[in-house]
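Down below is the structure, laid out as structure tokens.
The values are calculated or read from the model by the stated rules, or taken from the named source; none is laboratory data. What you see is a predicted model; the values in this text were computed from it and never measured. Neighbour counts are summed over all protein chains in view; Cβ atoms, including those assigned to glycine, are modelled from backbone coordinates with ideal geometry.
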């Protein structure tokens, strides 16, 4: 069946039917599956933040989470963690999880397998030197992952974590509008993607968003509460059900 016809058929299926199909096919992906959430009927989601720690974004996000007693998972860049150890400590002191996002924001799929594997191990060790504890989770930059980088992550003792709903907060907008971008894909057991920092490759002229990332978090938490959802970290989410894994491979 062509990809175009697949999309047409998918649009004709109800959201409930699409979810059931996705859950069924994801069960087959266990041996090479990346963590996408938890299999649960409870209205609970994990909040994850990438690209930090950042002197501008991280403190405002931490303040917003602390106001309602929510913990989250922060996927940090080792180079940034080394530059801002006080922010790393603030994340840990708030009871949050820290996972690895890489040494920097390089796309691992653009490197040789040996270099990608080396950078994963080096990033793991450099981040642990700052946090004082080993990371459990890894979030690939740009969501870019091949079978080779997947196995390199697993050999390094890390569990790759991907996502479902996203606020697409690399695009500007009012905080309420940014938070609402995640609504269409919300569901029990999902992992939500946000950023407490903004990292782009050298020479990239993408404008830096002007919104307050703490205000985006507050708006999202209000949206979740209004729909009966509870927010937590990745580890907290897994306390509500079995790991939900999916085969996630993209260049």
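Quick look at the numbers
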quantity	calculated
Set 8, 68, 32, 88: member being in contact with a strand residue (DSSP E or B) (Cβ under 9 Å, 6 or more places away or on another chain) and modelled with pLDDT under 95	32
Some residue of segment 115-124 being in a loop (DSSP other than H, G, I, E, B) and surrounded by 15 or more Cβ atoms within 10 Å (Cβ to Cβ)	no
Inter-residue pairs, beta-carbon under 6 Å, first free of Cβ contacts under 8 Å to residues at least 12 places away in the same chain and in segment 112-132, second outside any helix (DSSP H, G or I), 6+ apart	128/134
Qualifying residue in segment 91-99 (condition: in a helix (DSSP H, G or I), under 17 Å from the mean Cα position of the chain (by Cα), modelled with pLDDT of 95 or more and under 17 Å from residue 133 (Cβ atoms))	yes
Residue in segment 11-29 that is in a loop (DSSP other than H, G, I, E, B), at pLDDT 95 or above and surrounded by fewer than 24 Cβ atoms within 10 Å (Cβ to Cβ) present	no
First in segment 87-104 and at negative phi and touching a residue at least 60 places away in the same chain (Cβ under 8 Å), second anywhere and surrounded by fewer than 23 Cβ atoms within 10 Å (Cβ to Cβ) and in a helix (DSSP H, G or I), Cβ under 6 Å, 6 or more apart	97/235; 104/79
Members of segment 127-158 found to be within 17 Å of residue 233 (Cα to Cα), surrounded by fewer than 19 Cβ atoms within 10 Å (Cβ to Cβ) and under 15 Å from the mean Cα position of the chain (by Cα), listed by number	136
Those residues of segment 166-177 which are closer than 19 Å to residue 225 by Cα and over 16 Å from the mean Cα position of the chain (by Cα), in sequence order	175, 176, 177
Lone qualifier among 184, 202, 219, 231 - being without any contact (Cβ under 8 Å) to a residue 60 or more places away in the chain and in contact with a helix residue (DSSP H, G or I) (Cβ under 8 Å, 6 or more places away or on another chain)	219
Some residue of segment 36-46 being in a loop (DSSP other than H, G, I, E, B), under 19 Å from residue 246 (Cα atoms) and at pLDDT 95 or above	yes
Residues of segment 195-231 satisfying the condition of being surrounded by fewer than 21 Cβ atoms within 10 Å (Cβ to Cβ) and under 16 Å from the mean Cα position of the chain (by Cα)	198, 199
Residue within segment 47-60 that is modelled with pLDDT of 95 or more, out of contact with any strand residue (DSSP E or B) (no Cβ under 8 Å at 6 or more places or on another chain), under 17 Å from residue 217 (Cβ atoms) and in a helix (DSSP H, G or I) present	yes
